[in-house]
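Please treat every number below as a calculation from the coordinates, not as lab data. These numbers come from a predicted model, not from an experiment. Neighbour counts run over all protein chains shown; Cβ positions are idealised from the backbone, glycine included.
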Amino acid sequence: MRWWPTLILLSLLAALQYPLWFGKGGWTKVRESETQVQGQRDANSKLEARNAGLAAEVRDLKTGYEAIEERARYDLGLVKPGETFVQVPARSPK
């Protein structure tokens, strides 16, 4: 007869602990959320670095003619008057 109160108290304790570990907002959900947040932070840091590079390029294009000339030469293949354009073909793999 003395083990009934212990059994009842242990079952109540287990019933109270179940939502903490496995229920909505439990520790397992918190760990999953932390993993997702960390993944999003990593993605955000990569995008911030890319945005910083693009912002620097925009600043260069707005303020300096060297960056505009470089882009025109590289992207459009423009040549200044009096210059000779020489194209060296890439080596083909054997």
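Note on the chain: helix-only mean residue ellipticity at 222 nm, from DSSP H runs of 4+ residues weighted -39500 (n - 2.57) and normalised by residue number, equals -23500 deg cm²/dmol. For the chain, a simple Cβ point-charge model (Lys and Arg +1, Asp and Glu -1, everything else neutral) yields a dipole of about 520 debye relative to the Cα centre.
Rounded to the nearest 10 degrees, the inclination of helix 3-22 to the longest alpha-carbon principal axis of the chain is 10 degrees.
Dipole of the chain computed with +1 at Lys/Arg Cβ and -1 at Asp/Glu Cβ about the Cα centre; of SER92, TRP27, GLY64, farthest Cα towards the positive end is TRP27.
Mind checking the full-extension length gain between VAL58 and LEU10? Use 0.36 nm per residue of separation minus the Cα-Cα distance, one decimal, nm.
10.6 nm
Counting only alpha carbon atoms, the long axis of helix 27-63 and the longest principal axis of the chain meet at about 20°.
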